1. Just need the relative contact order of the range 49-183 here, percent rounded to a whole number, with Cα pairs under 8 Å and 6+ apart.
2. Treating the beta-carbon of each Lys and Arg as +1 and of each Asp and Glu as -1, no other charges, what is the dipole magnitude of the chain about its Cα centre, to the nearest 20 debye?
3. Would you mind checking which residues have amide H under 5 Å from residue 189's amide H? H placed 1.01 Å from N; only 5 or more apart, or other chain.
4. Ignoring ligands, DNA and RNA, how do 16, 195 rank by accessible area with a 1.4 Å probe, largest first?
5. What accessible area per residue, rounded to a whole number of Å², is obtained for the chain using a probe radius of 1.4 Å?
6. With +1 on each Lys and Arg Cβ and -1 on each Asp and Glu Cβ, and nothing else charged, work out how big the dipole of the range 23-95 is about its Cα centre, in Debye to the nearest 20.
7. In straight Cα distance, which lysines are under 26 Å from residue 229, not counting same-chain residues fewer than 8 positions off?
8. Positive end of the charge dipole of the chain (Lys, Arg +1 and Asp, Glu -1 on Cβ, about the Cα centre): tell me which of 118, 106, 146 has its Cα farthest that way.
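The values are calculated or read from the model by the stated rules, or taken from the named source; none is laboratory data. Computed from a prediction, not measured in an experiment: that's the story for all the values here. Every residue, glycine as well, gets a Cβ built from its backbone with ideal geometry; the counts of neighbours run over all protein chains shown. Ligands, DNA and RNA are excluded from the accessible area calculation, which covers all protein heavy atoms including side chains. Shrake-Rupley method; radii C 1.70, N 1.55, O 1.52, S 1.80 Å.
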Amino acid sequence: MTILVTGGAGFIGGNFVLDWCVDSTETVVNLDKLTYAGNLDTLSGLQNNPQHVFVKGDIGDKALLAKLLAQYQPRAVVNFAAESHVDRSIHGPGDFIETNIVGTFNLLEAVRAYWTDLEATKKAEFRFLHVSTDEVYGTLSGTDEPFAETNRYEPNSPYSASKAASDHLVRAWHHTYGLPVVTTNCSNNYGPYHFPEKLIPLVILNALAGKPLPIYGDGQQIRDWLYVKDHCSAIRRVLAQGRLGETYNVGGWNEMANLDVVHAICALLDELKPRADGAKYVEQITYVTDRPGHDRRYAIDARKLEQELGWKPAETFESGIRKTVQWYLDSHDWIANVTSGSYREWTDKQYGGQA
Ligand code: NAD
Ligand code: TYD
């Protein structure tokens, strides 16, 4: 048996592929365009493992997809491939429209053509799992209830609008063509192999490099953090047991203000790798210009996944962030490779002289 994963050289897809090769004996074909966010170093442990087949390519390339689907006959497709960073979507939304919307459309069409011709049993067992985000629901006030699957879609950034559009396409391909889809909408992830443009890895690496820790606005924006391996276990559960056409919110009931997240990282670094000058890492915190249209609060109501499919996260924020900080302290080669070249161009563009 085989599954096809897209975007499996990125942060969450990479963790998913690594875990899959431990938990399962099924082959995983990994289609990834290797944008700035795709990194084969993440998968270096699978280099001589025949269970993992890496293919460099675009989810928008229907001919390539048709060839891969015919060749490997997957029983499922798990779609992680996307442009994923809100700040980049503000600087340049075009790639987000291209990959997240047009790319998902082309992928759906290629998968539909393949699925239509499957014989009855395989057709009934086939799954298309679309990995999406809580950001499609927009923003919450401090007193609103967490996002349930029934919330209206109210995306606010080019990133979340493009993901919302992709979710709608997936839903429509189920209702119109009967494609057997399930969608997951997850809150903010953190953990190993996270590209350091996102808050948690950026703060860890800037702290260690003696650089400013940039806090947008007042730092009181709230995110609901989930350890990436817990997201991967939720995806495996939904793939195995999720009801067709349904969406499942994934989260760890762990809302934190950004400033508290940064303080927690600083405290761990003070313990695990104290500054040579004896000062505390929090002294590096710097308030910078806020993100335009910055969503104030995200929070996930994960009861449907818990009650229907019995899924629960294994990590608390305390255990997950400790593992994460330790991983960054131990992973010099991975960090050296991702922070060269184009990464520096990005940080100059985004933070200018501020961080
Ligand atoms: P990422 O940016 O780290 O990785 C994306 C991967 O997709 C990269 O390997 C990139 O090379 C690949 N890719 C980009 N465009 C492609 C294309 N056209 N064809 C093939 N491959 C392409 O993203 P991530 O954080 O791992 O997120 C994965 C998915 O999970 C995304 O769909 C994202 O919207 C969703 N998600 C992310 C989070 C989070 O906190 N990071 C939370 C919820 C949902
Ligand atoms: P991010 O990791 O970009 O995820 P998202 O925007 O998808 O939630 O940002 C998490 C939060 O941290 C968000 O409220 C923006 C904030 N943030 C900063 O304060 N400083 C930074 O340098 C970055 C990258 C993010």
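1. 31 percent
2. 580 debye
3. Amide H neighbours of residue 189, under 5 Å, 5+ apart: 226.
4. Per-residue accessible area, sorted high to low, gives 195, 16.
5. 42 Å²
6. Roughly 260 debye for the range 23-95.
7. Within the straight-line limit of under 26 Å, residue 229 reaches these lysines: 33, 56, 163, 198, 273, 304, 312, 323.
8. Looking along the dipole axis, the top candidate is 118.
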